[in-house]
Structure formats: structure tokens, C-alpha cells
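Worksheet: the structure to be examined is printed underneath.
The values are calculated or read from the model by the stated rules, or taken from the named source; none is laboratory data. Computed from a predicted structure; not experimentally measured. Positions of Cβ are backbone-derived with ideal geometry, glycine not excepted, and every protein chain shown enters the neighbour counts. Just so you know, the surface numbers come from the protein's heavy atoms only, side chains and all, with ligands and any DNA or RNA stripped out. Shrake-Rupley method; radii C 1.70, N 1.55, O 1.52, S 1.80 Å.
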Amino acid sequence: MMSAADDTRVAIALHGGAGTIERGTMSEELEATYRAFLDDAITRGFEKLRKGEPGLDVVVSIIQLMEDSPLFNAGRGAVYTWEGTHELDASIMHGENLDAGAVAGISTVKSPIALARAVMEGSSHVMLAGAGAEAFALEQGFEVMPPEYFATDRRREALDAYKANEQAGLTPEADHKFGTVGVVVLDAAGNLVAGTSTGGMTGKRWGRIGDSPVIGAGTYADNRSCSVSATGHGEYFIRHTVARDICARMQFGGATLEAAANTVVMDELVAAGGEGGIVAVDPTGEVTLIFNTAGMYRASINASGEKTIGIYSDES
Ligand code: ASP
């Protein structure tokens, strides 16, 4: 993939959500569709980075591919709230100067990750929520969509199952496949960037906001350590400030990316009962994709040009 004469170091990793994604639970056709999508997305992202496109542009454009696809719980295909609506969260961070932008609980904007970027670049704030974020989107000329745009039968069925479980007094179990999307990159200028976009968790209520738009929890990037995007049960990722904790273990504790991510995801989160995973990249272009669930839709190409595509935990 790389020519020997070209020593530009770029790297990319992405996830499309972690959870109870087990062999045999989806058709071969659907599995092939996911794998082809992941392969295409990671290859496109890597090529853009190789051409010298800024990391911010690459993170936004690859996340938009996933937001536009009903395969993932972000943008079109987002999960339903308890009330049968969609409330989308997203965030983005640039590791050079710690610039960050985030939106939470938005219902009409086609690309939440693009709006998060606009918050970072076009406002003096980091995080906008609900009606205010929608007003900002209109001011910025963002494309808005009717509720039907975000609707899918699959996610509606997940909400129905969630409600049926709760009404039967059972722990709601619906759609623990999650499906949040995230991208992390090292670009040709040596910058680390991370972004995450999600519909949150099925059946969420009362304006619940997860980790995805919370800088330090679901997303973090700092050129001095690493860039991280997380997916999983957001409440745990907020409590454990997962993304920042991984970077801090590198920056202050001298840990490698892999060791830091392993401690946080496989020790800390597992001990707490927090299901999920992360993708991350460090300044040398090493990538780490790690999760404590049965599966995580994922793909990466490191600075040596080595590509991985995976869904289940028993594949590398
Ligand atoms: N972390 C997301 C949230 O809690 C959900 C997910 O990653 O699937 O909102």
C-alpha cells in the first residue's frame, strides 16, 4: 500500500460500535455488507491522509459515510429514544491545540459530526445542546432533515423490544449491538484527530446524553499522547473518563498506547461492568482497537500500511 520511497507516516482506525455482536446472529449477506463497508471506509480514509488531507477533514468525511448509512447508530439509522424520536450526539477534537466541538440531543441535523466541527470552528464554545444547537445549525446553513430520514424498521423493533422487556419487569436488553461510529487519525502534518457520532442508547429518556459528545469520555485527542474514540455503555465511559484516561496514562505514566488502552478497557471497565471498546492512534502511527464485548465493528491501517478489518472478538 505504501511505496518504500515515501516515508509520510499516516494512520487511521475506526469503529462502528461494540456490543453483543456474535457469530451466527446476522446473515452472511449482512456480515459481508458490514465488512465491505468497513474496508471501503478505511481505505478511503487512508488514501485521503496519504494525499495530505488534514485529519479534521478526513475524520469528518469518513464519519459522514457512516452517518449516512443505516447500518450504524449515527445519523440515518440512529436508535430511538423512549418517546420514539432521535436525539443525536457527536464530538470532534484536534490534538495540536486541544480544540474541540460537541453537540448533544439534536434531532434534525443530517450530519452531527459536521455540526460538532462547526461548533469548534465557528463558535466560542465547546458543547451545544438541544434547541440551542439546532438554532446554531440553522444559522450556519446546515442541512436539516425530517424525522423520517433517521427512521429505520430495525431500530424501531429494537425500541419495541426494549419497552416490552421493561414492561415485563425484565432488564431492558434490546439492541445491545450499539452501533456508534468513531474515527481516529494521524495525519501527514503529524496531528492526531478524533471524532465520534451516535444516536445514543435505545430507549433513552429525559434528555439523556452519553459519553460520545463528552470530551474526555467518548472522544479525546492530544498530539502529546494519543487520539481515542469510544463506543459502549456511555454512563461507564463518562464515569471513567475513558478517552482522556488512556491518553493521560501515556502522557504522565509513560505507558504505551496498547498498555494504556488495555488497562482502561480490560481492567478498569470490566471491573466496573462497563461494556464497550475504543479505537486509538498514537503519534508514531501505531493503532489499537480493543473491546471487552463479543464484537466491535472495526478497521484500521497503521503507519506501516497494515490493514485490519474485524467484527468478532476471535479475529485479530
Ligand atoms: N456510547 C454510546 C452512548 O452511550 C453508545 C454506543 O457507543 O453504542 O450513548
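Mind checking whether some residue in the stretch 88-98 is acidic (Asp, Glu) and within 14 Å of the ligand (Cβ to nearest atom)? Reasoning before the result, please.
Within the stretch 88-98, the first condition is being acidic (Asp, Glu), and the residues that meet it are 89, 96.
After this cut, where a residue has to be within 14 Å of the ligand (Cβ to nearest atom) as well, the list is 89.
Yes, the stretch 88-98 contains a residue that is acidic (Asp, Glu) and within 14 Å of the ligand (Cβ to nearest atom).
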Pairs, first within 8 Å of Ile113 (Cβ to Cβ) in the stretch 58-69, second among the polar types (S, T, N, Q) and outside any helix (DSSP H, G or I), C-beta under 6 Å, six or more apart: Ile63/Ser197; Gln64/Ser111; Glu67/Ser111; Glu67/Ser197
Selection from the stretch 253-281 of residues that are free of Cβ contacts under 8 Å to residues at least 12 places away in the same chain, of a type in the set (A, V, I, L, M) and assigned to a helix (DSSP H, G or I): Ala259, Ala271
Filtered residue count, the stretch 65-106, keeping only those that are within 15 Å of the chain's Cα centre (by Cα), open to solvent by 10 Å² or more (accessible area, probe 1.4 Å) and closer than 15 Å to Met201 by Cβ: 0
Unique residue being under 18 Å from Ile309 (Cβ atoms), away from the ligand (no atom under 16 Å from the Cβ) and outside any helix (DSSP H, G or I) when the list is Ile42, Ile21, Ile12: Ile12
Residue, most open to solvent (accessible area, probe 1.4 Å), within the stretch 127-155, restricted to residues that are within 22 Å of Gly84 (Cα to Cα) and of a type in the set (Phe, Trp, Tyr): Tyr149
Options Ser69, Ser61, Ser107: the member that is under 23 Å from Val281 (Cα atoms) and among the hydroxyl-bearing types (Ser, Thr, Tyr): Ser61
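Does Asn302 qualify as being within 16 Å of the ligand (Cβ to nearest atom), open to solvent by 10 Å² or more (accessible area, probe 1.4 Å) and modelled with pLDDT of 95 or more?
Values: within 16 Å of the ligand (Cβ to nearest atom): no; open to solvent by 10 Å² or more (accessible area, probe 1.4 Å): yes; modelled with pLDDT of 95 or more: yes.
Here the answer is no, as Asn302 does not meet what is asked.
Residue-wise test of (1) under 28 Å from Asp39 (Cα atoms); (2) open to solvent by less than 50 Å² (accessible area, probe 1.4 Å).
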| residue | (1), (2) |
| --- | --- |
| Ala248 | no, yes |
| Ala260 | yes, yes |
| Ala271 | no, no |
| Ile278 | yes, yes |
| Glu315 | yes, yes |
Residues being assigned to a strand (DSSP E or B) and charged (D, E, K, R) - total across the stretch 77-111: 2
Scope the stretch 112-133; condition assigned to a helix (DSSP H, G or I), over 18 Å from Lys204 (Cβ atoms) and within 22 Å of the chain's Cα centre (by Cα); matching residues: Ile113, Ala114, Leu115, Ala116, Arg117, Ala118, Val119, Met120, Glu121
